[in-house]
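Down below is the structure, laid out as structure tokens.
Derivation of every value follows stated rules applied to the coordinates shown; laboratory data play no part. No experiment lies behind these values; they were computed from the predicted model shown. So basically every Cβ, Gly included, is an ideal-geometry build from the backbone, and we count neighbours across all protein chains shown.
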Amino acid sequence: MSLVEKAKDEIMALVDEALFNFKNISVEDWNAKPNPNKWSRKELLGHLIDSASNNLRRLIVGQYEQGTKIVYDQDKWVSYQNYQEMNVDDIKALWKLLNHQIAIVISRIPQSKLDNTCDTGMGKAEVHSLVYFIEDYIVHLKYHLQQITDSNYNA
């Protein structure tokens, strides 16, 4: 099985497992912030939406433009999207759909394009391949899903 097929399957499995685990999280726990400077679970999931949006753009544009600059200021995105005030079911639905789309896009990237690059640096160049974005996206997704489902997150 190719890298892109494995990545697609892994993302789809992570989404299914997370949605199952999300059923155990109360509305209060979705909204609670561990402290004023940390994101709530809703904001963490919103951050994963923003990550999916930015990586989707990188994975598409990176196939036809080499070295394109696509930066992402995560704190500004979470703030401007105002996930804390959104309905958690809407956030979950958007996250699910974006991840299904990113999995489909990843699965269709030709082998010949996987070494193409994008620059994600906010002041200096930080050039990465599409392979890097795919692998990093999955690591990042797992990390934050673990935080969201950790019963001690708000402790």
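Details
- Residues with amide H under 5 Å from that of K69, placed H, sequence gap 5 or more: D119
- Between the Cα long axis of helix 88-107 and the first principal axis of the chain there is an angle of about 20°, rounded to the nearest 10.
- Label selected from (i) 1.83; (ii) 1.06; (iii) 1.14, the criterion being Cα Rg over 2.2 N^0.38 Å as computed here: (ii)
- Footprinting exposure proxy ranking of S2, S129, fewest other C-beta atoms within 10 angstrom first, gives S2, S129.
- Taking chymotrypsin sites (Phe, Trp or Tyr not before Pro) across region 58-155, none is in a DSSP loop with at most 13 further Cβ atoms lying within 10 angstrom of its Cβ.
- Sorted by Cβ density within 10 Å, fewest first, the residues T149, T120: T149, T120
- Spatially close Lys pairs in the chain, defined by Cα atoms under 12 Å apart and a spacing of eight or more places or different chains, total 4.
- Summed side-chain charge close to K76 - residues other than K76 whose Cβ falls under 14 Å, Lys, Arg +1, Asp, Glu -1: -4
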